[in-house]
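What follows is one structure encoded as structure tokens, with my remarks underneath.
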């Protein structure tokens, strides 16, 4: 166990505080203990967190690091009395922006408005439903409204990427597998024909693919390196022939794959 | 169209820069034009972004706002020459932390390590697969390894919450609907019996539920306010009787629902 604690303190979910803090901590070769404290939205709760931070400081003999996105002045004021090193994202950046925009900030708590009336949120949920309904070539219904159709061999990363595109970006992503039958016929699955311009391919190193498939079906032909090599070769040849651009998911997270796809096929979504 | 542009510039996916920037901008009653510029990892690409920012400054007659998380010194240096107001998350917070930790930062680019060898990433993908296989009561196989089982009436938000818990937190979440047949019998679905302690309920305002169901099946009995009222009442009565705690998803985003569930059922996940 590390002898240094990091607290993420927020009046909302703490997701922003955590993303923010983790990207800072990633700059250091240190693995501190992480403590999340979401929904700290009253003075009483703030006092409780301060007591916890102070007790940690005594126990560890080091200042705990505190990443916070508290927007409420009175709650923040209490937190600032703690025996920790506080990094306050809101205060640090909001005040200079007030000057630049020449307007006061509204100290809104959290990053989410009421979801029941939020159009953007509604679209994200719709996109998630779309991704699920169009997972693994399940349905060709409404494929004309898809923003992108991911293609690739089984277990190349299509499903998690589709769902991530929906959840994070509200992008409607369908996905359709390329299977041995398609390679035998030598054509893309027929449901894709009208939507070739929307297709984006995922490929993967055969060795890695074989590892992933072996977790699912150990020792199967499906998972064998030989079969994986053949499928990947045929899929890449097919995508090349059909003019479908693709990327390799082997060393990329779904976040990186999604960002690359967004940049390549929907540049308008990069300005929104 | 707004007459003020905001740029998100990153050497990785830009997700951190965007989350960071959006949470700052949420403090202001202003809706600027958003421009994402991910994967800016060379001096040449940085010059290109600087030209774009400068052209925008001339066109709009206002300083563009630039949120950046560039970790590479030489790339950042170029960006800092632009005619925009730059908010640099890394530099602002990393230097004070170097002092506190008494170590130099490693200026690592991006927040993702190589996914092919990253255990945490592997677990997240496994959790996503688990959520999909256990969506909507599809399977009771392996339910013993679920971290949580979400229950609630159809369209109360179980599916997106399960997937979010998996994707963001690597939590294995199954979900099982409570349907009229369960209310008639007066018992929880039998597959839930051994796992009651892991159950967490979602409920929803009947009016809102009726709106959501009407988008799917307009004018159906399923979507009628009367039926939604009855189902919600019966589901809440059942959860109360079985000692299952629940929350209302009516005005909550999936991020907020997930964080609440995490806090309530897996408080250990708040410290990691």
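Miscellaneous remarks
- Between A:62, A:91, A:104, the residue with the greatest mean-square fluctuation in the GNM of chain A (Cα pairs under 10 Å linked by springs) is A:104.
- Most mobile listed residue (B:89, B:103, B:239) in chain B, GNM with C-alpha springs under 10 Å: B:103
- In terms of packing, defined here as the mean over residues of other Cβ atoms within 10 angstrom, the peptides B:165-177, A:17-29, B:48-60 line up highest first as B:165-177, A:17-29, B:48-60.
- Between residue B:122 and residue A:190, the modelled label-to-label distance comes to 4.2 nm, taking each label 7 Å out from Cα in the direction of the beta carbon.
- C-alpha center-to-center spacing [the range B:51-99, the range B:1-48] in angstrom: 10 Å
- For the range A:196-268: rounded, prolate or oblate by the Cα gyration tensor [a/c cutoff 1.5]: oblate
- Once you reduce the range A:118-135 and the range B:200-272 to the center of their Cα atoms, the two points are 18 Å from each other.
- Taken residue by residue and averaged, Cβ atoms of other chains lying within 10 Å of the Cβ of A:10-19 number 5.
- Shortest first, residue B:245 label-point distances to identical copies amount to 4.9 nm, with the label point at 7 Å from Cα along Cα→Cβ.
- GNM top mover of A:139, A:210, A:220 - chain A, alpha-carbon springs below 10 Å: A:220
- DSSP assigns beta bridges within the protein assembly as shown; of those with both partners inside it, close to 5 percent run antiparallel.
- Inter-chain neighbour count for A:155-167: the average number of beta-carbon atoms from partner chains within 10 Å of each residue's beta-carbon is 3.
- Cα gyration tensor, the range B:29-69 - rounded (a/c under 1.5), prolate or oblate: oblate
- The Rg/Rh ratio of the range B:116-270, with both radii computed over alpha carbons and Rh defined as the Kirkwood radius, is 0.98.
- Per-residue ellipticity at 222 nm, computed for the protein assembly as shown from helices alone with -39500 (n - 2.57) per DSSP H run of at least four residues, works out to -14000 deg cm²/dmol.
- Spin-label model, residue B:100/residue A:83: points 7 Å from Cα along the beta carbon direction are separated by 1.6 nm.
- Rounded D (µm²/s) - the range A:5-101, Kirkwood Rh over Cα pairs, Stokes-Einstein at 4 °C, 1.567 mPa s: 96 µm²/s
- Listed peptides B:156-164, A:30-38 by packing density, highest first (mean Cβ within 10 Å): B:156-164, A:30-38
- With the cut-off at under 19 Å, measuring from each backbone N in the range B:232-250 to a point 7 Å along the Cα-to-Cβ line of residue B:216 picks out B:232-236, B:247-250.
- Cα pair distances of chain A binned at 5 Å [whole percent]: 1, 5, 10, 12, 12, 11, 10, 10, 9, 8, 6, 4, 2, 0, 0
- Angle in degrees between helix A:254-265 and the longest Cα principal axis of chain A, rounded to the nearest 10: 60 degrees
- Its Cα gyration tensor gives the protein assembly as shown an equivalent ellipsoid; the semi-axes, largest first and in whole Å, are 36, 32, 24.
- Normalised by residue number, the volume inside the convex hull of the Cα atoms of the range B:101-180 is 128 Å³ per residue.
- Mean silhouette area of the range A:36-173, derived from the convex hull of its C-alpha atoms and averaged over all directions, reads 13.1 nm².
- Rounded to 10°, Cα long-axis angle of helix B:15-25 versus longest principal axis of chain B: 90 degrees
- Counts of other chain beta carbons within 10 angstrom of each beta carbon in peptide B:93-100 average 5.
- On Cα atoms only, tilt of B:43-60 relative to the major axis of chain B in degrees: 90 degrees
We did not get these values from a lab; they are worked out from the coordinates using the rules stated. Computed from a predicted structure; not experimentally measured. Here Cβ is always computed from backbone atoms with ideal geometry, including for glycine, and neighbour counts include all displayed protein chains.
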